[in-house]
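Following: one structure in structure tokens, then a few remarks.
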Amino acid sequence: MAISHDRSTAEASLDEKTTLLSGQDFWSTKSVKQAGIPSLVLSDGPHGVRRQHRDADNLGLYDSEPATCFPPAVALASSWDSELVGRVGAALGREARSLGVNVLLGPGVNIKRSPLCGRNFEYFSEDPLLSGVLGAAHVLGVQSQGVGASVKHFAANNQETDRMQISADVDERTLREIYFPAFERIVAQARPATVMCSYNRVNGTYTAESHWLLTQVLRDEWAFDGLVVSDWGAVGDRVAALLAGTDLEMPGTGRGTDADVAAAVRSGELDEAVVDTAVARLRHLAGRVHTDARPPAVDVEAHHRLAREAAADCLVLLKNENRTLPLAPTGRFVVIGEFAAALRYQGGGSSHVNATRVDSPMDELRALLPGAQVDFAQGYDITGRSEAALLREEAVALAAESATAVLVVGLREADESEGFDREHLFLPPDQIELIRAVARVAPRTAVVLLNGGVVSLEDWHDDVDAVVEAWLPGQAGGGALADVLTGRVNPSGRLAETIPLRLQDTPPFLNFPGEQGHVRYGEGVMVGYRYYETADVPVRHPFGHGLSYTTFDQTDFQVAANSPDTATARVTVINTGDRYGKHVVQIYVAAPRRPVSSPALELRAFTKVALAPGESTTVEITLDRRAFAYWDIDRDDWTVTPGQYQVHLADNAHDVVATAVLDLPGDRLVRPLTLDSPIRDWFGHPRIGPALTSTMLSGLTAEEEAAAADSNAVALRLLSSMAMRQFLGFLPRQIPYELLEKLMEMSTAFPGRSTADCSRAALPRTRRAVP
Ligand code: BGC
């Protein structure tokens with residue numbers, strides 16, 4: 001149905017207009033014929049369409065229309081493949097359209113601040129660049145089908161504990177460098193139809209009511225031109241939310257908030273123009289999406305095949321000793337674990353999809369290994385009702401007779417979900433015991449993990465030969481697992497988040513999930529690998545890690561500076577093994593000493609290449625200005641410190657393969673000296689400092705000068721933060737004020753650096769082996 005715009009907003013009455021700005025029910029907006037705006041349907045979610053009807057629930061407890069459950073973001077991110085994510089996005093868009101959904105509520109691009117966040121399975125990564133690149137691909141894919149996307153949850157929604165009230169207390173630099181960039185990139189590169197604000201507060205203000213967030217940053221700075229929709233139930237004060245920039249309140253509350261808005265306009269509290277603008281945005285949204293009278297059908301089988309292809313490229317081979325994987329085509333194997341028969345493939349809550357079908361890893365493995373004997377043992381009972389020891393004994397007996405035991409273990413859906421956070425990183429104790437008992441008797445043991453949030457490998461990692469992190473792989477995950485275990489697909493996933501040794505090592509350990517309504521982001525920008533690499537904290541597997549069944553060489557790494565403060569990196573990748581495979585080129589940047597505490601290195605570019613045995617390709621990657629910049633709170637802007645940058649080609653955040661050094665002109669900051677400037681700036685100024693020193697030393701003999709030099713150096717360190725105004729009172733001999741005035745004037749013409757250099761990047765990076 002084409003949308004008719006026969007009457008303008010101005011012709012609709014105030015009550016008609018306010019009524020448009022809240023939901024008609026849980027999933028749809030109201031329509032006002034007079035305003036030419038049809039009702040639109042919004043549905044979850046990020047990895048599958050959860051189309052529910054009016055009488056269903058919001059929580060995902062009841063079934064929705066069948067739809068393909070693609071790998072959730074936790075898995076998809078491990079592909080590091082934006083082309084693949086784009087294809088999944090397009091398939092999601094097709095399904096949404098076929099189910100009459102106009103806006104699909106995803107992707108979720110919140111940063112994984114702590115591995116405990118119960119909703120980490122719905123988010124991409126601990127790194128903003130990876131989250132942003134994949135999030136943009138997702139949005140472009142969905143929207144290519146005439147369906148709007150909703151990037152969520154803006155912003156700093158990094159935990160489930162108290163998510164409706166908690167105030168994320170975060171400094172601005174950290175927001176700009178860590179928690180905003182994924183949203184910012186998606187707005188710039190994919191023009192999402194909507195952005196969903198979060199439930200939480202940021203620095204005390206509900207995001208739904210934050211004018212700074214929704215209008216100044218999102219619209220004025222980033223030029224977002226879509227509609228802001230509230231998270232479901234996030235609006236407390238409707239008028240305050242509208243004023244801040246929340247256009248649409250979802251769902252319909254029946255609380256009479258439309259009447260509040262109309263009353264606020266009538267009383268003069270709210271300018272009617274604010275209502276008109278929000279209505280215009282809704283009209284604009286309606287014009288951007290398809291509203292089909294007869295929605296096109298989708299090819300369910302083709303989407304299942306895509307879900308399998310995607311899942312196989314997401315699996316991360318963490319460890320593979322003694323050529324344990326891939327499994328040989330013949331011989332005797334045992335597959336152990338309830339999840340191998342009934343796959344754990346998605347998380348709980350609003351993203352829960354009613355899958356069109358679910359592959360069983362067992363069936364798929366048997367289908368791909370017709371020449372082998374593949375036994376099965378349940379191994380554990382996720383309900384805990386059966387005797388764990390008996391299940392273990394049965395598994396151990398079969399393992400002892402097999403060439404390889406494959407254990408499929410993981411977290412139960414009840415262990416991780418939207419709505420609550422986890423309390424620890426461990427697998428259930430009976431599963432840990434099972435792994436160890438099987439590993440003692442099996443000639444070779446491979447462990448496959450199914451989990452939405454990171455789990456600890458510490459109790460058993462060294463006992464087993466191979467580990468595959470399969471995350472929550474979506475409905476075709478069983479087939480994908482069989483593909484990777486048998487070598488039909490060569491694994492190419494890379495970790496999108498660090499696997500730490502201990503929860504205590506994680507950067508927000510002391511501050512998560514906060515107290516008394518506040519969670520302090522005390523670790524600042526040191527999130528994930530940024531922290532581990534800067535503080536030299538050993539981890540089990542670093543961000544970016546992942547093995548392959550083939551080998552790659554990377555040669556001729558070169559980096560050339562382009563126009564001011566950008567660069568091009570070039571490297572040749574060769575497949576030196578005997579199988580087709582995919583490799584992720586990862587480029588990290590280490591900044592020189594600068595006025596802010598900086599991570600040892602940060603991911604600044606990546607790309608995935610596919611190569612046949614013996615084949616090579618040369619990859620060229622652009623590093624834009626942002627790759628070298630930090631957010632300067634004094635300048636309120638992105639700033640590049642002049643100096644030498646190290647550009648690392650790395651296998652992961654810890655293992656650097658080659659380094660190139662780049663000299664960047666950076667931003668020469670003109671910070672004129674004043675009487676309030678600290679004396680370290682006066683004496684440290686390249687032109688003024690020497691002039692000042694020579695004035696102070698004038699009249700002294702050479703001997704007195706030499707004697708003064710040492711004590712002056714100590715005094716300067718002692719008083720370095722003292723303002724010149726105060727310092728003058730400490731001097732035995734006055735400096736003529738006319739001279740100071742002249743020097744201050746000179747300083748406006750000569751740039752200097754005025755902030756203390758507290759960079760940690762200059763600390764030597766040592767490589768500590770994991771025991
Ligand atoms: C979730 C959103 C979801 C919405 C609608 C909320 O509880 O936080 O992610 O899109 O419900 O189901």
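Observations on the model:
- Listed by position, the strands (runs of 3 or more DSSP E) contained in the stretch 593-673 that have at least 3 residues being closer than 30 Å to Ala749 by Cα are 630-632, 637-639, 643-650, 656-664.
- Checked against (1) within 16 Å of the ligand (Cβ to nearest atom); (2) surrounded by fewer than 18 Cβ atoms within 10 Å (Cβ to Cβ); (3) of a type outside the set (S, T, N, Q), His352 passes all but condition (2).
- Per-region count, the stretch 443-459, residues farther than 24 Å from Val74 by Cα and either open to solvent by 10 Å² or more (accessible area, probe 1.4 Å) or outside the structural domain of Leu390 (by TED's automatic domain parsing) (or both): 2
- Among residues of the stretch 735-764 that are within 15 Å of Met724 (Cβ to Cβ), those with a beta-carbon under 6 Å from a residue that is at pLDDT 50 or above and open to solvent by less than 40 Å² (accessible area, probe 1.4 Å) at least six positions away or on a different chain give the pairs Leu743/Ile688; Met744/Leu673; Ser747/Leu673; Ser747/Ile688; Gly752/His685; Ser754/Asp681.
- Those residues of the stretch 702-746 which are more than 19 Å from Ala691 (Cβ to Cβ), of a type in the set (D, E, K, R) and modelled with pLDDT under 85, in sequence order: Glu703, Glu704, Asp710
- Note on the stretch 233-246: among residues that are away from the ligand (no atom under 16 Å from the Cβ) and either part of a loop (DSSP other than H, G, I, E, B) or closer than 14 Å to Leu42 by Cβ (or both), the one that is modelled with the lowest pLDDT is Asp237.
- For the stretch 540-564, residues that are open to solvent by 30 Å² or more (accessible area, probe 1.4 Å) and of a type in the set (Gly, Ala, Ser) total 3.
- Here Val103 meets the list (1) open to solvent by 10 Å² or more (accessible area, probe 1.4 Å); (2) within 14 Å of the ligand (Cβ to nearest atom); (3) not polar (S, T, N, Q) almost entirely, failing just condition (1).
- Selection of the stretch 697-727 for residues being touching a Leu at 6+ places or on another chain (Cβ under 8 Å) and free of Cβ contacts under 8 Å to residues at least 12 places away in the same chain yields Glu705, Ala708.
- Set Val289, Val274: member being in contact (Cβ under 8 Å) with a residue 40 or more places away in the chain and either surrounded by 13 or more Cβ atoms within 10 Å (Cβ to Cβ) or more than 16 Å from the ligand (Cβ to nearest atom) (or both): Val289
- Pairs with Cβ under 6 Å, 6+ apart, first in the stretch 413-442 and surrounded by fewer than 17 Cβ atoms within 10 Å (Cβ to Cβ), second assigned to a helix (DSSP H, G or I): Arg436/Asp463; Val441/Val396; Val441/Ala399; Val441/Ala400
The rows are residues; the columns are (1) in contact with a Lys or Arg (Cβ under 7 Å, 6 or more places away or on another chain); (2) assigned by TED's automatic domain parsing to the domain that holds Asp632; (3) crowded, with 23+ Cβ neighbours inside 10 Å; (4) under 30 Å from Phe509 (Cα atoms).
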| residue | (1), (2), (3), (4) |
| --- | --- |
| Val151 | no, no, yes, yes |
| Met164 | no, no, no, yes |
| Glu172 | no, no, no, yes |
| Tyr179 | no, no, yes, yes |
| Arg185 | no, no, no, yes |
| Pro192 | no, no, yes, no |
| Met196 | yes, no, yes, yes |
| Trp222 | no, no, no, no |
| Val229 | no, no, yes, no |
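- Residue match in the stretch 4-20 (condition: buried (at least 18 other Cβ atoms within 10 Å of the Cβ), modelled with pLDDT of 75 or more, outside any strand (DSSP E or B) and within 16 Å of the ligand (Cβ to nearest atom)): no
- Every residue from the stretch 684-715 that is of a type in the set (A, V, I, L, M, F, W, C), surrounded by fewer than 17 Cβ atoms within 10 Å (Cβ to Cβ) and part of a helix (DSSP H, G or I): Ala691, Met696, Leu697, Ala702, Ala706, Ala707, Ala708, Ala709, Ala713, Val714, Ala715
- Meets criteria (in contact with a helix residue (DSSP H, G or I) (Cβ under 6 Å, 6 or more places away or on another chain) and either within 16 Å of the ligand (Cβ to nearest atom) or open to solvent by 10 Å² or more (accessible area, probe 1.4 Å) (or both)) for Leu365: no
- The criterion of being open to solvent by 10 Å² or more (accessible area, probe 1.4 Å), assigned by TED's automatic domain parsing to the domain that holds Leu282 and within 16 Å of the ligand (Cβ to nearest atom) does not hold for Gly204.
- Just one of (1) within 23 Å of Ser351 (Cα to Cα); (2) buried (at least 16 other Cβ atoms within 10 Å of the Cβ) fails for Thr253. It is (2).
- Scan of the stretch 33-46 for residues that are more than 12 Å from the ligand (Cβ to nearest atom) and either farther than 18 Å from Ala280 by Cα or open to solvent by less than 10 Å² (accessible area, probe 1.4 Å) (or both), ordered by number: Ala35, Gly36, Ile37, Leu40
- Candidate set from the stretch 215-227 (those that are touching a residue at least 40 places away in the same chain (Cβ under 8 Å) and outside any loop (DSSP other than H, G, I, E, B)); member that is farthest from the ligand (Cβ to nearest atom): Leu218
- Number of positions in the stretch 261-271 that are surrounded by 17 or more Cβ atoms within 10 Å (Cβ to Cβ) and in a helix (DSSP H, G or I): 4
- Taking each residue of the stretch 446-467 that is more than 22 Å from Ser417 (Cβ to Cβ) and looking for partners that are aromatic (Phe, Trp, Tyr) and surrounded by fewer than 23 Cβ atoms within 10 Å (Cβ to Cβ) with beta-carbon atoms closer than 9 Å, six or more apart or interchain, yields Val447/Trp460; Glu458/Phe426; Asp459/Phe426.
The values are calculated or read from the model by the stated rules, or taken from the named source; none is laboratory data. Since this is a predicted model, take the numbers as computed values, not measurements. Reconstructed Cβ throughout: ideal geometry from the backbone, glycine too, with neighbour counts over all protein chains shown. Accessible surface areas use protein heavy atoms only, side chains included; no ligands, DNA or RNA. Shrake-Rupley method; radii C 1.70, N 1.55, O 1.52, S 1.80 Å.
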